[in-house]
Structures are given as structure tokens and as C-alpha cells.
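**Student:** Below you'll find the structure I mean.
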Amino acid sequence: MIQQSPGYLLVLATVLPVLGVMLSLTLGGRRAERVALMTMPAGLAVAGAIFACVLATRRPLLYVVGAWAAPLGVSLRADGISAAMLLTTAVLMCAIGLFARADFRTPRPGPREARAPLAFWTLLLGVWGALNAVFVGNDLFNLYVALELLTFGAVPLVSLDGRAETLAAALRYLLFALVGSVLYLLGSALLYGAYGTLDVVLLSSRVRADTATEVAVALMTVGLLAKTALFPLHLWLPPAHAGAPTAASAVLSALVVKASFFLIVRLWFSVMPALPILPAAQVLAALGAAAIVFGSVLAIRQTRLKLLIAYSTVAQIGYLFLMFPLVAGAAAAPGASSAAWTGGMLQAISHACAKAAMFMAAGLIALAVGHDRIAGLAGVGRALPMTVFAFGLSGLTLMGVPPSGGFLAKWLLLTAAIDRGQWWWALVVVAGGMFTGAYVFRVLARTVTRPGERLVPSAPVARGREALVLALALLSVVLGVLPFASFGVLQIGRLDLPPGLLR
Amino acid sequence: MTSATLYGLMGAGLVGLGLYGLVVYPHALRKILAFNVLGGGVFLLFGVIARRGASSGLGGDPVPQALVITGIVVAFSATALAVALVVRLVEETGMAALPSDDPPAERAPRTEP
Amino acid sequence: MTPPLALDAGLAVLVLAVAASTIAARGTFASVIGFVTYGLLLALAWVRLSAVDVALTEAAIGGGVTGVLLLTASARLRRAEKSPAPAEHPGLVLRVTAAILSTLVAAGLAAVVLMPASPVPTLAPAAMANLPATGLGNPVAAVLLAYRAWDTLLEKVVLLLALLGVWSLAPDLLWGGRPGPRHLVRQESPLTLLAQFLPPVGIVVSIYLVWNGATAPGGAFPGGTILAAMWILVMQAGLADAPAVGSRTLRIVLVAGAALFLAVGLAGFVVADAFLAYPAGYAKPLIVAIEIPLTLSIAATLGLLVAGPPARAPEA
Amino acid sequence: MSLLRDLFTVVAVSAGAFFFLAGTVGLLRFPDPLSRLHALTKADNLGLGLVVLGLLPHADGWLGALKLVGIWLFALLAGAVAAQLIARAAGSAPPRA
């Protein structure tokens, strides 16, 4: 078995953070933070190298683990969207890690090891490893293990502060996640029973439209939707994402929900590219539209900043699902399908940057004023101008105001909708932007009103942390002004396009 | 009817029972138990698929059997984490009930503490 | 109906009945007892499905250790729950909706079960054909530790993260301390007798399972679980205290199995064809060498998962 | 000879099954935990013993027979300890209405 030469990078993408987990648990104490900080540049380098490889060769990267070829063995594969998600994850992990240092420092003097810092840094590395395993996984059962790894990393992050509300939120999150993965596993079992393999690439050429496949895909999709928190399975998300510590909220909202979304994309467009999925895809998009409306309305009604941001995640997840009917049946309309594909993935990436920035901004605001009640935010704009500016910038991305990444994503979805004669989804995109504007401006308007007395921050906010938030917010905007051709990378290795259609 | 089919039907029934218990009972420990019943059914379906794939002198296809072993360990880890969360929650609040999942908008936490 | 099929039918009905009683039992304690029975009966079903490896794992983990975990939890909950269990009569609408939903899912699955693919796809020939390259005699062990070793390695990390997640629920002040209450030795208790008599037998059985796992059903999971069960018994009888979670030695024991597995995997880049490939001729000794620390790590992790988060402040 | 052996097996296993049945009925019908335990352990130990005894002639050589007897002994041990523990728990618990 000849291995593709840079394929080992795919192994490293998961092994590095996993090595970090082991080291941090063994060394313990203050070294946990150091291990995490050292893993970050290495992980970023690996992700960058994978991205560069895929970009340079215009072909997906493949690695056969243990040299046992599928269907007996497990292989790893990074196509364009894997490479993009790996890089996004690495960048965000670095930013969030640096941001979290101030919150999860092992106090000096004190015992050798403190609970929250050890748990946070180790779990953060665990989440990173799991995310990378999801993005490069090419075997449905391996992806199940990766998803479970992600759950076990993410759930304890929610309840790190040990308050009763966050314990309840973590428990609810765990139960949803477990049911989601067990349904996914059930579907994989049926697919194995029908085709004798769990390898995504092999399945893509074997899958037929029959009862077993339909039941399997339905179960897997519902399970993954529960983990992605698509309306009406979103109940667990707001308390979990709003209750977690700031850095954890950023990871959960920006990245963790994207992993199960990513798997739905894999399942629908890589595992069963040849099946007629348009009617079912319309249902997914309808749920997405409902999520946009419902999430936005609830976000507008929130009185706490973190809950508002969490409901905004519920709404923004809705956009991701608008891509399904627009991408489906790529052979019929390759141009529009490619545009929708890029739009959907770009929405995932720009929302990741913007939402991480928003949660981090909210964390800094809460640190400065001692609470996160929106009604009491008057004067924050003057006290923390950089943070509020960053909040506003990420708001622009979420709304889809040009020239942000969110704008480009939503524009692509909108044009694809019109091109494919599904104009109603275009209306949803436009309406969603207005809803988003309403809740973002509600917060911004409050922060710039003049308070009765001058606001004095109750705790100092480090300039460096503000700069990190601004950097992420700027990144979410800059995605929109990159030359359009650079998004061609997202199309590399799509299994639902006939080879001739690849640009 | 073969015994594999029989156990397959049993697995389908277990999945149904587990799902019902998960949705209906508010007590968190009940939900965990229902999840485990559901998991048992899912694993059993893997076992049926393995049994039907018996060949080369083996009583069943070893690949799904190995997957089930991995799955059982993962399910146990999940149960342990969930149980620890429930015990902590009860120690904090004295309640093990997760409000039932039917009225969505009502429970959205809107009030300030 | 042939006698074996009648046996299967009886078992299937029994399992379904026990599962239903687990779901619908009046008290959580009764429900847990139902679940333990369910686990043991499932193990029988696995034997009938010619999956002895799975049967061993199901009996040890699914019925055994999960049972202990849930029993302990239900006892603790009974003491800690202030308000009596909430009304176990959820709304009729919810029950009907849930019933319709679960019936639909079960019916869909039943339909798939009744219409198997033909010919039935299987990897059994491929697994057997490659068995000599692994040096193993048990194809299930070959899947777990060679063909799909990547899954098994990741699953070890799952165990570690789950344990860290359980620990992270401790109050800050107790971090680094020992989990669970200190159990006092009661000389006249039959539990003490059992905890003195059984562990030597259990240790022998678990060594047998691990050593034999290369050629016959067994392996690191069932072996590690039996070891864990012995340890839990000894801890609950008060003959040994749970280790402090801050202990460096403990951390090393927990990580050792996965770490060695990963190290061998990484060495595969250099000395074999790929990551997690074994050099020709050395597969079996390497696999056995991985399985020994793996068993210890599994035993320690499972035991501590049952013991729960640290509950006593660390000794200075 | 083989007929005699089979006859022995049928009789012993049936007797064992009868004790299991009696034990189960006792478990369900007796009023308090202690007499329920009494019914259960007595009947189960004897029942399992008879089943094992009945199967012995069909065992796979000496090792198989030893394993069968081992199963019975371990079940006896576990049953005895569990019964003791439950009895203590039942004895120390406040009486229920």
C-alpha cells in the first residue's frame, strides 16, 4: 500500500492534541496550560500545511491508517471543506486559548493543581483533537467515536463553574448529544448491513435508493440535527452555551455545533451523492428557515447578553441548512450548486469567527461591569470601545452587511436560490438579516447611551484580550473581501460532482 | 424465520422502548436507563448484521462485533458522566427532574435571577 | 419451530419484557435492578448470535459495572433527593406522541431487518485472509487492535476525557482528593469476606482473558473490566481506599495504556508501512505488549468512573 | 447406558427447574423481605445445583465438569453474600407501611 506522501499530516492533526491531552493529564498543575499553549502553534502549523497541500495539488489528501485499506481498515481524507474547517479550528483555538489564559490560570500561591484550569486546558485539547478527527474522518464508525470524543470534551466545559443551572444545562446537553450519536450509530449499522463498508468514498459509489438506506439516513440525520441544535431540537443549546465560561462558550458555539453540521454535509453529499434528495433537502431548509425566525425572535426578547448571543447561534445555524436544497442535484445546475456550497461553508466559517468574537466580547463586558444584563450596559461603549467595536463588526457579519464574510455567504446562498428557481429561500435570507440587525442594534444602542454616572469598570480588562476579540471580528469581515477565486478550494474533492465539472 | 431475524426484531423493539422512555420520563436517572436500553438495541442490530455475515468458518462477521465492543465502552463512559452529573445536580438542588421537553418557548430562561 | 428457535423466541420475549419493566418500573431502584437483568440477558443473546467476545464485554460492562454504577447512584439519589420523585405521569399528549414516534422508528427498523441485503455483505473473509499478518488467532481482536486500531485508540481517549469530566464536577476545595466516601471495614460483614476471597480468583480470570484474547474470545476490555470489578469490590468493602485523583502515579497508570498504544502507532511511521501498522513478524508481541498496560489503564479508569468525583479534601 | 444418562439429566434438570419455579413464586408471594430471601436463596442454590448435576454427565471431559461445578460454587458464594447484605439492609431500614 503506497501512502500519499503528506498524508501523515492528517494523522498529526488529531494525534497532536491527543498527545497534549495525555501530557497535560500526566504532568498536571501549571504544566497543563503550558502544554496547551505549546500544542497551539504546532496544531496551527499542521492545519496550515494540510490546507496548503490541498490547495496546491487541487486534490484531496488521503491516508490509510495502519496500511489496512478500506473496507477492512480505516482511512482519513481531507477535501477542500475539511482543510478549511481544520484551518478555521486551529486559528480559533489559538485565539481562544490565548484569550482564556487570564481566566484559567492556576493561582499562585496555591495548591500545585487547581480543578478548573486543569479541566479546561485538557478538555480544550480534547475538543480540538475530536474536531480534527471529525473533519478528516472517512469512516462512519470512526466518525462516531470522534463525535463521542467531542461530546465528552464539550459537556464538562459547560459545567466548569459547578452552579446548579450549568449542571442542569450540561446534563441536558449530554442527553441530547448521546441520543444524537446513538441514532447516528444505528444508521451506520444499517448502512454496514446493506453495503458491507463504512468507508465514505466506497459508500458513495455503492449506495442505492432502498428502504434500508432511507431509514439509515433519516436516523443519522435526525441524530446529527439534535447535536447541531437545529430547530426544533435546539432546546439544549441556549442554557449550555450561555452558561459556560466565556472561552468555552466561544468554542462550543463557534466550532462544536459545526462538527455535526459538517457530518450532515458529508452524509448527504459524500455518502449518497447519487440519490434524489431534493424533497428531503427542502424539509431541512424549511427547518433552517424556522430556526432563523424563531431563534432571532427569541434573541430579540432576551435580557441577558450571553443568552441573546446563544439564541443568535440557534438562528445562524438555520442559514447553514439553506444550502441543502440549493446544492442538491449538482449535475443539473453546477454553477448555482457550487455557489450554494461555497455560501454554506463560508457561513459556517464566518459565523465561527464572528460568534467566537461575540462571546469573547460579551465575556469582557461582563468582566468589566460585573453582569451581562443588557439593560445595564449603558456607558460600556465609552469604557471598552475596542470590545464594543468588535461586537459591532461581528454583528455585521451575522447580519450579512457588505463587505463581511457573512455578506458573501448570504449573497451566494441568495443568488443560488434565485438561480435554481427557489426564490423563497432568498426571502428567508433577506428577512433573517433584518431580524439579526434588530438584536445586534439593540445591544449596540444600549452600550452607546450615556449612563447616569460615568461607568467605572469593576475589573480591569487587558488590552491584549480586547485586541484578540477585535482580531477575530476583523477576520470574519476580511473573509468577505478575499478574492472570490480563493474560495475555489472549498470545491476540491466533492464527491457529488461528476469529475468533469470540477473547476 | 431465523434466529438472527428474531433478534433483529427484538433489537428494533428495544430501540422503540428506549426512545419512548427517553422522551416520556422526566427523572434524569430514568432517561439514562432508557438511553442504555436504547443502546442495547442498537448494538444488537449490529450483532444481527454480524451474524448474517457469517462465513469463512466464523459464526459472524468480526468487524461489526468489534465495533459493538468499542460502542459498549463508549456507552459506559457516557453513563458514568451522566450519572455523575445527576448526582451533583441532586446534591445542589435536591431535584433530579429535567423538565419534560414539550413546551419549548415557555421555558426559555428570560427572567433575571 | 425448532427447539433452538423456541429458545431464542423465549429469550427475545423475556428481554423485551425486562426492558419494558426497566423503562416503566415505579421506582428508580426497581428500574436499575431491571436494567442489570436486562444486561445479563443481553449477554445470553450475544452468545446465541455467536459473538462470545461481545457477550463477555456486555456481561462485564453492560450488566456488571454499569449496574454497580447505577445502583450506587440510585442509593445516593434516594438520600439526597429532597422532593419526592416528580409525578411519573407525564401528559397524555406527550405519551401518545412519544409512543407514535417510537413505534414508527421500531417499525422502520423491523422492516429493514425483514429485508436483508442479498447477498449479505460481509468482511469476514477479508478479516480471516489478513489474520496471519497480525499473528493473532481471534479475528475480533485483530479488528480492534490492527485493522481498526485507530478507533480503539480514540476510544481510550474517550475514557480519559470522560473520567476528567466526572472529576471536573468536584467542588474546587476537594480537587486532588479521594473520590467517594471512605468505606469502613466491618469484620463480620460478608462483603469483607467476599472482597478477600474473590479478587485472587478475579485477577487470575482477567489475566487468562487478556492472555488468551489473542487467540480466543477475551482481550483487554473484558479482562480490564473484571479487574476493575475486583478493585471496586475491595474499595466498597473498605479494604483499600480509592486513590487521590491528584496522585501522579495514578495519572501515569491511567494514561499509560493509551500512551503506549500511541507510541507504537507513531513508531509505525518509521519501522512499518504506516501509522498504527506493525512491523512484519512483530505484530503479535507488540499487540500483547500494548494489551497489558491497556488492561491496567482500563481497569483503573472504569473503577474510578464508578467511584465518582473527588469527595474528600486532599491530605496536606 | 446413554438412555440412562439422558434420563438422569432430564430428571435432575426438571427438578432444578421446579426449585427455580418454587423460589420465584416464593419471591413474589411471601410477605416480608426475609422470608422472600429465604425462599429465593434456598430454592436457587438447590435449583442451580440440580441443573449442574444433571448436566455433569454431558460435560466436556473433566475440565468441563470442573467449570460447571465452579459456576455453581461461585453462584452459591455470590448468592449468600448478596442475601446477607440485603437482609442487613432490610433489617436496618425503617419498616414500611
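**Student:** I want the local charge near C:ASP241. Using Cβ-Cβ distances under 10 Å, sum +1 for each Lys or Arg and -1 for each Asp or Glu among the other residues. Provide the component values of the computation, followed by the final result.
**Tutor:** Details: positive: C:ARG178, C:ARG182, C:ARG312; negative: none.
Cβ neighbours under 10 Å give a net charge of +3.
**Student:** Given Cα pairs under 8 Å that are at least 6 residues apart, what percent is the relative contact order of chain A? Mind dumping the intermediate values first?
**Tutor:** Values: 914 pairs, mean separation 73.2, N = 503.
Relative CO of chain A lands at 15 percent.
**Student:** Please return the longest range in chain C lying between exposed loop sites, taking trypsin sites (Lys or Arg not before Pro), DSSP loop only, at most 11 other beta-carbon atoms within 10 Å, and leaving the sites out. Numbers along the way, then the final one.
**Tutor:** Values: sites that count: C:ARG26, C:LYS82, C:ARG182.
By the stated rule (loop sites, at most 11 other Cβ atoms within 10 Å), C:183-316.
**Student:** While we're on this one: Shape of the range C:157-316 from its Cα gyration tensor (a ≥ b ≥ c, root eigenvalues): rounded if a/c is under 1.5, otherwise prolate when a/b > b/c, or oblate? Could the numbers behind the result be given before it?
**Tutor:** Values: a/c = 3.37, a/b = 1.49, b/c = 2.27.
The shape class here is oblate.
**Student:** In the protein assembly as shown, with Lys and Arg counted as +1 and Asp and Glu as -1 at Cβ, which of these residues, D:LEU56, B:GLY57, A:PHE391, has the Cα nearest the positive end of the dipole, that is, farthest along it?
**Tutor:** Checked the options; the winner is A:PHE391.
**Student:** How many angstrom lie between the C-alpha centres of the range C:18-70 and the range A:300-336?
**Tutor:** One Cα centre to the other: 41 Å.
**Student:** What percent do you get for the relative contact order of chain D when only Cα pairs under 8 Å and 6+ apart count? Intermediate results must be reported in sequence, preceding the final value.
**Tutor:** Working: 81 pairs, mean separation 29.3, N = 97.
After rounding, I find 30 percent.
**Student:** Would you mind checking B:LYS31/D:LYS42; B:LYS31/C:LYS156; A:LYS306/C:LYS156; C:LYS284/D:LYS67; A:LYS227/B:LYS31 for any pair whose Cα atoms are more than 27 angstrom apart? Walk me through the numbers on the way to the answer.
**Tutor:** Working: B:LYS31/D:LYS42 36 Å; B:LYS31/C:LYS156 25 Å; A:LYS306/C:LYS156 34 Å; C:LYS284/D:LYS67 29 Å; A:LYS227/B:LYS31 17 Å.
In this structure, B:LYS31/D:LYS42; A:LYS306/C:LYS156; C:LYS284/D:LYS67 exceed 27 Å between Cα atoms.
**Student:** While we're on this one: Using helices alone, what [θ] at 222 nm do you get for chain A, with -39,500 (n - 2.57) per DSSP H run of 4 or more residues, divided over all residues and rounded to the nearest 500? Walk me through the numbers before you get to the answer.
**Tutor:** Details: 19 runs with 347 residues, N = 503.
Using -39500 (n - 2.57) per qualifying helix, the result is -23500 deg cm²/dmol.
**Student:** I would also like to ask the following. Over all alpha-carbon pairs in the protein assembly as shown, figure out the percentage whose distance exceeds 57 Å.
**Tutor:** Details: 56682 of 528906 pairs.
Here the tail beyond 57 Å accounts for 11 percent of pairs.
**Student:** Also, I was wondering about something else. Which of the listed residues, B:ALA12, C:VAL32, A:GLY421, is farthest toward the dipole's positive end in the protein assembly as shown, when Lys, Arg count +1 and Asp, Glu count -1 at the beta-carbon?
**Tutor:** Going by the Cα projections, it comes out as A:GLY421.
**Student:** Still on this structure: Using packing as a proxy for protection, rank A:455-467, B:30-42, A:361-373, D:9-21 so that the peptide with the highest average count of other Cβ atoms within 10 Å comes first.
**Tutor:** Values: A:455-467: 14.0, B:30-42: 27.0, A:361-373: 21.2, D:9-21: 15.7.
Those peptides, ordered most packed to least, come out B:30-42, A:361-373, D:9-21, A:455-467.
**Student:** Another one. Quick one: net charge around B:THR2, please, counting Lys, Arg +1 and Asp, Glu -1 for every other residue with C-beta under 15 Å from its C-beta. Spell out each step's value before the answer.
**Tutor:** Details: positive: B:ARG51, B:ARG52, C:ARG48; negative: C:ASP8.
So the environment of B:THR2 carries a net charge of +2.
**Student:** In degrees, nearest 10, range 0 to 90: what is the angle between the Cα axis of helix A:8-27 and the longest Cα principal axis of chain A?
**Tutor:** For helix A:8-27, the angle is close to 40 degrees.
**Student:** Helix-only estimate, please: 222 nm mean residue ellipticity of chain C, summing -39500 (n - 2.57) across DSSP H runs of length 4 or more and dividing by its residues, to the nearest 500.
**Tutor:** Values: 13 runs with 209 residues, N = 316.
Rounded to the nearest 500, it is -22000 deg cm²/dmol.
**Student:** Taking +1 at the Cβ of each Lys and Arg and -1 at the Cβ of each Asp and Glu, which of A:VAL74, A:THR14, A:PRO107 sits farthest along the dipole of the range A:1-137 towards its positive end, judged by Cα position relative to the Cα centre?
**Tutor:** A:PRO107
**Student:** Report, in whole Å, the centroid distance computed from the Cα atoms of the range A:425-503 and the range A:370-384.
**Tutor:** Using only Cα atoms, the two centres lie 21 Å from each other.
**Student:** In debye, nearest 20: dipole of chain D around its Cα centre with unit charges on the Cβ of K, R (+) and D, E (-)?
**Tutor:** Working: 7 positive and 4 negative charges, 61 e Å.
It comes to approximately 300 debye.
**Student:** To the nearest whole number, what is the average tally of beta carbon atoms from other chains within 10 Å of the beta carbons of peptide D:28-34? The partial results should precede the final answer.
**Tutor:** Working: counts 0, 0, 0, 0, 0, 0, 0.
The per-residue average across the peptide is 0.
**Student:** Same structure, new question: Per q in 0.17 Å⁻¹, report the Debye log10 I(q)/I(0) for the range A:115-249, using one uniform scatterer on each alpha carbon and no solvent.
**Tutor:** -0.90
**Student:** On average, how many beta carbons from a partner chain sit within 10 Å of the beta carbon of a residue in A:33-42?
**Tutor:** Other-chain Cβ atoms within 10 Å of each residue's Cβ, averaged: 0.
**Student:** Once you list every other residue whose beta carbon is under 12 Å from the beta carbon of A:THR197, what net charge do they have if Lys and Arg are +1 and Asp and Glu are -1?
**Tutor:** Values: positive: A:ARG206; negative: A:ASP139, A:ASP199, B:ASP61.
So the surrounding residues net to -2.
**Student:** According to the square roots a ≥ b ≥ c of the eigenvalues of the Cα gyration tensor, what is the shape class of chain C, taking rounded for a/c under 1.5, prolate for a/b larger than b/c otherwise, and oblate for the remainder? Before the final figure, lay out the partial values.
**Tutor:** On the way: a/c = 1.71, a/b = 1.05, b/c = 1.63.
Cα axes put chain C in the oblate bin.
**Student:** Contact order normalised by length for the range A:225-276, with contacts defined as Cα pairs under 8 Å and 6 or more residues apart; what percent is it? It would help to have the intermediate numbers written out before the result.
**Tutor:** Numbers: 24 pairs, mean separation 19.0, N = 52.
This gives 37 percent for the range A:225-276.
**Student:** Okay, moving on. How big is the dipole moment of the protein assembly as shown about its Cα centre under a simple scheme where the beta carbon of each Lys and Arg is +1, that of each Asp and Glu is -1, and everything else is neutral? Debye, nearest 20, please. Walk me through the intermediate numbers first.
**Tutor:** Details: 64 positive and 40 negative charges, 414 e Å.
That gives the protein assembly as shown a dipole magnitude of about 1980 debye.
**Student:** Nearest 20 debye, what's the magnitude of the dipole of the range B:3-98 about its Cα centre given +1 on Lys and Arg Cβ and -1 on Asp and Glu Cβ? It would help to have the intermediate numbers written out before the result.
**Tutor:** Numbers: 5 positive and 3 negative charges, 34 e Å.
Result for the range B:3-98 is approximately 160 debye, rounded to the nearest 20.
**Student:** Per-residue Cβ counts within 10 Å, from other chains only, averaged over C:17-23: what number is that?
**Tutor:** On the way: counts 0, 1, 14, 6, 0, 9, 14.
Mean shielding count: 6.
Bear in mind these aren't lab numbers, they're just calculated from the coordinates by the rules spelled out. On a predicted model such as this, the values are computed, not experimentally measured, just so you know. For neighbour counting, all protein chains shown are included, and Cβ atoms are generated from backbone atoms with ideal geometry for every residue, glycine included.
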